[in-house]
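To start, the structure itself, in structure tokens.
Nothing in this text is a laboratory measurement; each read-out follows from the coordinates by a stated rule. Keep in mind it's a predicted model, so treat the numbers as computed, not measured.
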Amino acid sequence: MKKTASEFSVRLVELRSRLKLSQTELGRTLGASAMAVSRWERGQTPPAGVLIQLGILGRRTDCWFFWGLAGLTSHDVMRVMPSAKQRLALRVPLLQLVRAGATKKGLSQDPLLVALPLLPLNAAASKDKGSSNVDLDLSSPVAVLAAPNQWCPNPAYTVCLRVKGNSMEPLLHDGYIIVVDRKQNQIKTLEGSVVVAHNPHFGLVVSRFFRFGPSRMLVPDNRAHDAIPLGKGWRMIGKVLWWLGSPAEDQPQGG
């Protein structure tokens, strides 16, 4: 967006005040008269050479403002002054990645994106057995997905699995990628949630968790499939936060 003269005037006055210089002193620094500085502060734009000098005198935010008025871009500056890259420290949002399973130790601030490992494992949504792995940390990822930090409340415990089967249609289709937060595995907080659980006989299973009196059940969204009682041998892996996928055109569209 083009900078207005009034904006330039305000920034110039602020810069001179911050430097504790009179109009005469600033003019002397720039090789100009006090009268010229006065005209600039009233809205007249100085030559490009003066704008570049003002950028050098200014703080990090000021330098790009004044240099921009002179027609310089950050690319121009970096091309002729490679050493300026770190010194000027352009103020762009910090982008960091944190691998799931790692801690946040050493991060200067919360990352904007987190890296979620896609494991070569299937969570069954059918009568077929899902992957037998119960210790997901022992499985090496085949890919990594980047997601906004806000979507992953516990990134160090979050992994991605594939859906195998159609028992969770129309919500989840065969082949969908589900994002599972393993820290959210307390049964008392999962009522009605889509979860991943494990049993030595069934392997990893994705379904919806409900309690009916003393009974605990995995209830598929697709009523053509039977509910599974959560009895001895079952272990809750975690809550499904969200999912990725594109169902085939002949399938009903899920949310």
Under 5 Å from the placed amide H of residue 238, counting only residues 5+ away or on other chains, we find 196
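Set the bar at 18 Å for Cα to Cα. Now go through 183/232; 127/164; 127/239 and name every pair that lies beyond it.
Values: 183/232 21 Å; 127/164 10 Å; 127/239 21 Å.
Cα-Cα > 18 Å for 183/232; 127/239; rest within.
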Inverse of <1/r> over all distinct C-alpha pairs of the stretch 150-255, i.e. the Kirkwood Rh in Å, gives 14.1 Å
The answer for residue 144, listing residues at least 5 apart or on another chain whose modeled amide H is closer than 5 Å to its amide H, is 118
Going residue by residue through the stretch 135-145, the Karplus relation 6.51 cos²θ - 1.76 cosθ + 1.60 with θ = phi - 60° gives ³J(HN,Hα) values, rounded to whole Hz and with x marking Gly or Pro, of 9, 5, 5, 8, 9, 7, x, 9, 6, 10, 10
Taking every C-alpha to C-alpha distance in the stretch 190-241 and binning by 10 Å from 0, the per-bin percentages run 27, 61, 12
